[in-house]
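What follows is a set of notes on a single structure, which appears directly below.
The values are calculated or read from the model by the stated rules, or taken from the named source; none is laboratory data. Values in this document were obtained by computation on a predicted structure and should not be read as measured data. Cβ placement follows ideal geometry from the backbone for every residue including glycine, while neighbour counts extend to all protein chains displayed. For accessibility, only protein heavy atoms count, side chains too; no ligands or nucleic acids. Shrake-Rupley method; radii C 1.70, N 1.55, O 1.52, S 1.80 Å.
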Amino acid sequence: MKKKWIGMLLAGTLVGLSCSGCGTTNDSTKNLKLENVKEAAEDTNGVVKLTLWGAKEDQKLLGTIVENFKKQYEKETSFEITVEAVGEAECKKTILSDVGECADVFTFADDQLMALAAAGVLKPVENADSIRKRNLEGAVEAASIEDNLYAYPLTADNGYFMYYNKSYFNNSDLQTLDDMLKVATNNNKKIVMDWNSGWYLYSFFGNTGMEVGLGDDGVTNVCNWNSKEGDIKGTDVAKAMLDIGKNTGFQNGTDDDLTEGAKNGNVIAGVSGVWLSGSLKEAWGDNFGAVKLPTYTCAGKQVQMGSYVGYKMVGVNAYSGNTEWAAKLAEWISNEENQTLRFEERGQGPANKNASETDEVKNDLAIKALLEQSNYGSLQRIGGKYWDPVAAFGMSMADGRAEGRDMQEIMDKLVSDITAIG
């Protein structure tokens, strides 16, 4: 992602937030928050009070990390740290709905960085050079706007790839989706992928030369998935998806469908992320496998399936009553030791360079597959108008409702909805 473009995007996001009437950047909101800060600082009585938001699944892990943080600094001060369950995916929405009630420290997904920075919520990282040196380049880029680091990289694993049952596939089968579907059909089994999600559906367009992303205003989308030019046209992708959708070896399904199908033996492969690793290992045992996404047939060519790659990070509330200690806690949560602990307990891929170089991480099949797929992935930078029309498009491809219709009209309507204003 070009730094100049990111700067334009941040400026556009600031304008977009002001125009949307969310009220997160106006003076009254900031003054309200500053009053809360003053009260918090006066009420501490020598005790540093902090609130930490993290995913529900991370509560036990974060509890351990917080207790170790308290022990590390017990000679300097006393702490009262409250850990609350607010998932990374909901973080932005929760914060922007009431900036004054934002936690001092919070974990969030990288695609929320622009909006949170534009709203003035994120405190830039002060020891940025040190944090940059410790973490993977992609994770640092995802946490940055131009030359400013706005958050502490935490994980480098928020993407997807192909899980498979080794007892059915050989290495040659895994190269193309055609061959994988043939294996599934011949064995009366299924390969699962969620076509109701624009996150996964991007994979069919990601390496075609067509693009989708945020416009200069940082709010609306630009998209040319209806392109009539080039070696691969928008209609070519739609036709390819229709063919896959009606294949008897394919199933449009969620993570729950993939997990349940793996357990009962009906599903032998599926697209998802590292969070399903444990469940699928349990289902397939020694036959558990993971690999990058295959190619698929489009316009008579084999096209490598793309993906969105993502990162999780730790942010510090710029209006916290204890920004210095909040920053120390954020850095502690995201340090090498605790990223290693996160991998060991939650299977999440580290953003820290040293933590990512351990033999345990390198030999983890899911992490290896994710890293391989990341060579064909892109950061997710999408406006809100993207999700519903792409989900509807995916469903119409999966259930065959688009069969026999004018594909160009379908693609034109899809792009019109994705790029809609307001």
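Summary of computed values
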item	result
Cβ-based charge dipole, segment 151-303, positive-most Cα from Leu214, Ala184, Asn196	Ala184
Neighbour net charge for Gln348 - beta-carbon separation under 12 angstrom, K R +1, D E -1	-4
Within the chain: Cβ-based charge dipole about Cα centre, in debye rounded to nearest 20 (Lys, Arg +1; Asp, Glu -1)	680
Probe 1.4 Å, protein heavy atoms only - accessible area per residue of the chain in square angstrom	44
Segment 235-285 and segment 345-422: distance between their alpha carbon centers, rounded to Å	15
Estimated FRET transfer efficiency when R0 is 35 angstrom, pair Glu282-Asp243 (beta carbons, to 0.05)	0.60
Glu345-Gln72 pseudo-label distance in nm [points 7 Å out on the Cα-to-Cβ vector]	1.4
Vicinal HN-Hα couplings computed from phi for segment 266-274 (Karplus, 6.51 cos²θ - 1.76 cosθ + 1.60; Hz; Gly/Pro x)	7, 10, 10, 6, x, 9, 6, x, 5
Amide proton proximity set for Gly253, modelled H, under 5 Å, gap of 5+	Met193, Asp194, Trp195
Sequence ranges 324-336, 87-99, 153-165, ranked by mean other-Cβ count within 10 angstrom, highest first	153-165, 324-336, 87-99
Glu101 paired with Lys263, simple spin-label distance in nm, labels 7 Å along Cα-to-beta-carbon	3.5
Segment Glu146-Gln175, length gained on full extension (0.36 nm per residue, minus Cα span)	6.7 nm
Distance in nm between pseudo-label sites at Lys166 and Arg405 (7 Å out along the Cβ direction from Cα)	4.3
Listed residues Lys233, Lys292, Lys71, most fluctuating in the chain (Gaussian network, C-alpha, under 10 Å)	Lys71
With every protein chain in place, the chain: carbon and sulfur % of accessible area (1.4 Å)	45
Cα centre as origin, Lys/Arg/Asp/Glu Cβ charges: segment 132-222 dipole, Debye	620
Furthest towards positive pole of dipole, Gly394, Cys91, Ala115, structure part the chain, Cβ charges	Gly394
Vicinal HN-Hα couplings computed from phi for segment 64-73 (Karplus, 6.51 cos²θ - 1.76 cosθ + 1.60; Hz; Gly/Pro x)	5, 4, 5, 4, 5, 5, 4, 5, 4, 10
